[in-house]
Structures are given as structure tokens and as C-alpha cells.
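Engineer: There's a structure below that I have some questions on.
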Amino acid sequence: MNILVVGLNHKTADVEVREKIAFTAEEIPAGLSTLRGMANVHEAVILSTCNRVEIYLSGDNTENISACVKDYFSGARNIERQKLEAALYLRSDYEGVRHIFRVASSLDSMVLGEPQILGQLKDSFDLALKNSSSGIILNKLMKKAISVAKRVRTETKVAENAVSIGYAAVELAKKIFGELSDKVFMLLGAGEMAELAAKHLTGSGVREVIVANRTYERGCALANEFSGRAIEFSMFKAELTKADIVICSTGAPSYVLNKHDMEKIMKDRKKRSVFIIDISVPRNIDPAVNDIDNVYLYDIDDLQGVVDSNLHERQREALRAEEIVKEEVEVFFKWMQSLDAVPTIVALRKTAEEIRNDELAKLFNKLDGLGEKEKKSIELMASAIVNKLIHPPTVALKSDDEDRDILIAAVRRLYGINGNMK
């Protein structure tokens with residue numbers, strides 16, 4: 001039995017190709033059914049996200065299977081074969097298992113350590129289980145991949161420290177204020193990046209959201225999105241006396257807030273701390289504002305510096321994570337190899353039970369008048385003898401012994417087990 005990964009991702013295919021290959025949740029059951037119907041395929045799982053589409057398979061002939069999958073994609077998704085093959089990658093057996101463990105652990109993601117991929121992998125596994133397309137091999141593989149990802153998150157810091165502007169803003173706010181649930185957040189302007197950062201902040205549970213935008217209607221729409229209130233842009237300085245966290249991205253060509261304004265505001269705030277993030281380019285907040293006590297002003301370069309530093313830390317932790325993945329791949333393959341002994345163990349037990357039953361039948365024929373109670377006692381004794389006799393070879397066959405193949409051959413010869421038992 002082999003394991004095969006056929007897929008493409010953000011590194012190998014542009015978004016146009018990924019869109020054509022991607023599966024919606026509604027399409028996955030039919031896709032699994034098609035894959036299971038292919039020659040030599042025993043099990044299938046489909047993982048489809050915005051950045052990757054991967055098919056995990058177990059089967060007997062990886063070359064034949066990969067050719068069938070390519071035909072399937074090329075035909076069903078109306079994509080040129082040459083373009084498809086340039087984007088697809090194939091990983092089999094050791095490399096296939098390693099790849100899945102790395103994907104689950106977010107070591108192969110666009111954003112190293114991002115948490116979403118593990119949930120997406122779990123959903124894919126659930127769909128495969130519901131559609132009965134996975135079995136003993138892929139069930140074990142998926143469960144192991146999930147446990148490897150959890151081990152990586154527990155034993156390394158690969159998923160810690162913000163690596164996006166939005167998360168960096170939230171982390172900095174928490175460092176300044178600690179708890180954010182009693183804080184008032186103001187969104188000044190409605191730039192795309194500011195809106196994204198605002199989503200992270202509002203998601204962290206701030207008490208109130210105020211939106212000030214030059215176009216009042218746009219401000220109202222954003223305020224509704226964040227369950228906040230909109231104000232006229234001309235009122236933002238007065239409202240700054242209430243806000244604790246401010247994200248500014250007005251698109252103005254010059255400063256909308258200078259040091260003199262902020263000094264007056266801080267006097268009205270009674271010097272209560274305020275965290276201001278100016279992600280406008282050109283900047284909309286006078287950098288001199290940062291000289292005022294209890295004003296914490298960060299611009300886009302400051303935040304990017306935090307993100308870069310955190311990303312470097314994650315990359316360092318990823319080296320430790322790769323070692324964990326390597327260890328777990330070895331463990332998984334020991335389990336895979338132990339499956340080779342299963343048919344021999346089953347045949348050994350079957351042979352032993354046939355001998356026991358034959359000998360019991362002969363004995364009972366010779367002993368006329370034997371009661372049911374006596375027969376039961378003799379059957380139990382025979383079963384105990386059989387179990388004790390086959391226990392040592394069974395344990396040896398299940399062990400991690402490097403000579404397992406020799407043991408399998410020896411047991412087959414000693415007990416007269418012949419033929420293809422798989």
C-alpha cells in the first residue's frame with residue numbers, strides 16, 4: 001500500500017489555475033467518489049483552500065494513480081494539460097507523509113504558522129469520513145497529522161507573535177493596555193489596510209467603536225459593520241478625548257493631527273494613555289505627537305518592523321518544528337511497516353484455530369457420553385493452550401524488529417502458511 005499526494009499551491013500555481021482546480025464543499029463528495037472509483041485507489045481525502053488544492057490517496061500503483069488524477073483534473077476542470085502539469089506536484093510515501101505533516105503544522109503555508117490550515121485539514125478529514133472515502137491508512141495518517149500539528153504548536157513558538165499588520169496592532173495595544181474590553185477604539189478614515197486592522201481590533205473585544213470618515217455615508221456603513229457609531233470627520237478631535245486606540249488612514253496629503261492639537265487633547269484626557277497607529281502613506285499624524293507623554297504613536301514602518309521581527313522568530317522556530325515532523329514521520333512509517341505482518345498474524349491464528357477445532361472434534365467423537373460441562377472445560381483448555389503457543393510469534397511479528405520480513409517468512413514456513421494473504 002502506497003501513499004500519494006497530488007496537488008498545487010500558492011508557490012506552484014497562480015490564482016487562475018487554483019480557481020479552476022479548487023473544490024467547493026458541495027463538490028467534494030462527488031470528487032471523492034470519482035477518485036475512489038479510479039483503478040488502484042483505495043482511499044481518498046481532498047483538501048481545498050484558497051491557497052492549495054491537494055488530494056491524498058492510498059493505493060497500489062502511484063504512477064497509474066497520478067496519471068488518472070491528472071486526466072481527471074485536465075478533463076473535468078477544462079485546463080490545459082501542460083499548464084496543469086507545470087503547476088502540480090507529486091509526493092509519495094515518505095515524502096508524501098512528510099508533506100502532509102508539514103501542511104498540517106503550517107510549515108508550508110503562505111504565512112508561516114498561521115492557524116487556519118489545521119482547521120481546514122480537519123474539515124477535509126471529516127468530509128472524507130462522512131463519505132466513507134478514507135480507511136485504515138488515511139484515517140491513521142490524518143489523525144497523526146493533526147496530532148503532529150498540535151505537538152508543533154505546543155513545543156515550538158512557530159505560531160506565536162503577530163506576522164500581520166492587524167495582529168501586530170492588537171498585540172501592541174495589549175502590551176500598552178493589557179485588557180482591551182474597556183477600551184474605546186476610533187477608526188479615522190477608511191483605507192483598506194486600516195479596515196483590516198480594525199477588524200482584528202474589534203474582534204479582540206473593545207468596548208466601543210467610533211468611525212470618522214470624510215464621506216459620512218461610508219463612515220456609517222463601516223460603523224454598522226463594527227456595531228459602532230459614525231461621527232462627522234470634523235468632530236474627530238473632540239471625540240479623541242474618549243478614544244484609547246486610534247487607527248488612522250485618511251488618505252489626506254498632509255497631517256490631520258499635529259502636536260499642538262494632541263497636547264490640547266491630552267490635557268482634556270487628563271493625560272490618559274492613547275495608542276495611535278498611523279498607517280497612512282504619506283503619514284496623517286505629525287510624528288512629533290509621539291513626544292507627548294502617554295501618547296504611543298506607531299507608523300506603518302514601525303508595525304512592519306514588528307512583523308518582520310516576529311516572522312524571523314517564527315522561521316527560527318520552524319527549524320525545531322521540522323525536527324518534530326521528521327521524528328513523527330519515522331513513527332508513522334514504523335506503524336505502516338507493522339501492517340505487513342497483519343495478514344500473517346491473521347493466518348497464524350486461523351491455522352491454530354482450525355487445528356484446535358479438528359482435534360476437539362476427533363476427541364469428542366471418541367468420548368461417548370461426555371456432558372456439555374466437560375466439553376466446555378476441554379474447549380477452554382484447548383483455547384488456552386493455542387493462545388499460549390501463538391502468543392510469542394504474534395508479539396515478535398508486531399515488534400519494531402528490523403528483521404520483521406525474516407520473521408514473517410519463518411512463521412509462514414514453520415506453520416505451513418502459504419499463498420497470498422493480503
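Engineer: Among the residues of the range 158-190, count how many are surrounded by fewer than 17 Cβ atoms within 10 Å (Cβ to Cβ) and within 16 Å of the chain's Cα centre (by Cα).
Structural biologist: Qualifying residue count for the region: 1.
Engineer: Continuing with this model, one more query. Go through the range 232-258 and give me each residue that's among the charged types (D, E, K, R) and either open to solvent by 70 Å² or more (accessible area, probe 1.4 Å) or on the phi > 0 side of the Ramachandran plot (or both).
Structural biologist: Scanning the range 232-258 gives GLU232, LYS237, LYS242.
Engineer: Here's another thing I want to ask about it. Return yes or no: is LYS122 without any contact (Cβ under 8 Å) to a residue 60 or more places away in the chain, in a helix (DSSP H, G or I), of a type in the set (Lys, Arg) and within 19 Å of ARG52 (Cβ to Cβ)?
Structural biologist: yes
Engineer: For the range 267-310, name all the residues that are within 38 Å of the chain's Cα centre (by Cα) and acidic (Asp, Glu).
Structural biologist: If the condition is that a residue be within 38 Å of the chain's Cα centre (by Cα) and acidic (Asp, Glu), then ASP278, ASP299, ASP301, ASP302, ASP308 are the ones that fit.
Engineer: Continuing with the same structure: Give the residue that is most open to solvent (accessible area, probe 1.4 Å), with candidates limited to residues of the range 81-100 that are at pLDDT below 95 and acidic (Asp, Glu).
Structural biologist: Within the range 81-100, the match that is most open to solvent (accessible area, probe 1.4 Å) is GLU85.
Engineer: What helices (runs of 4 or more DSSP H) completely inside the range 1-92 contain at least 3 residues that are β-branched (Val, Ile, Thr)?
Structural biologist: Output list reads 15-21, 62-76.
Engineer: Restricting to the range 321-351, what's the tally of residues that are at pLDDT 95 or above and of a type in the set (Lys, Arg)?
Structural biologist: Count: 1.
Engineer: For residues in the range 348-397 being hydroxyl-bearing (Ser, Thr, Tyr) and without any contact (Cβ under 8 Å) to a residue 40 or more places away in the chain, which is most open to solvent (accessible area, probe 1.4 Å)?
Structural biologist: SER377
Engineer: Which residues, taken from the range 70-80, are loosely packed, with under 12 Cβ neighbours inside 10 Å and either touching a residue at least 12 places away in the same chain (Cβ under 8 Å) or closer than 21 Å to LEU32 by Cα (or both)?
Structural biologist: GLY75, ASN78
Engineer: Restricting to the range 285-296, name every residue that is surrounded by fewer than 18 Cβ atoms within 10 Å (Cβ to Cβ) and part of a helix (DSSP H, G or I).
Structural biologist: If the condition is that a residue be surrounded by fewer than 18 Cβ atoms within 10 Å (Cβ to Cβ) and part of a helix (DSSP H, G or I), then PRO287, ALA288, ASN290, ASP291 are the ones that fit.
Engineer: Residues of the range 260-284 being assigned to a helix (DSSP H, G or I), touching a helix residue (DSSP H, G or I) at 6+ places or on another chain (Cβ under 7 Å) and either under 14 Å from ASP244 (Cα atoms) or open to solvent by 100 Å² or more (accessible area, probe 1.4 Å) (or both), which ones?
Structural biologist: MET262, ILE265, listed by residue number.
Engineer: Still on this structure, I have one more. With respect to TYR255, determine if the residue is outside any helix (DSSP H, G or I) and touching a residue at least 40 places away in the same chain (Cβ under 8 Å).
Structural biologist: no
Engineer: Among the residues in the range 233-244, are any under 19 Å from VAL289 (Cβ atoms), at pLDDT 90 or above and among the small types (Gly, Ala, Ser)?
Structural biologist: yes
Engineer: If you take the residues in the range 329-347 that are open to solvent by less than 50 Å² (accessible area, probe 1.4 Å) and either of a type in the set (Val, Ile, Thr) or in contact with a Phe, Trp or Tyr (Cβ under 6 Å, 6 or more places away or on another chain) (or both), which one is nearest to GLU160 (Cα to Cα)?
Structural biologist: Only one residue fits best here, namely VAL329.
Engineer: Residues in the range 364-404 that are small (Gly, Ala, Ser) and under 30 Å from TRP335 (Cα atoms): how many?
Structural biologist: Residues that pass the stated criteria total 4.
The values are calculated or read from the model by the stated rules, or taken from the named source; none is laboratory data. The structure displayed is predicted, hence computed values, not measured ones. Glycine gets a Cβ as well: all are built from the backbone with ideal geometry, and neighbour counts include every protein chain shown. Heavy atoms of the whole protein, side chains included, go into the accessibility calculation; ligands, DNA and RNA do not. Shrake-Rupley method; radii C 1.70, N 1.55, O 1.52, S 1.80 Å.
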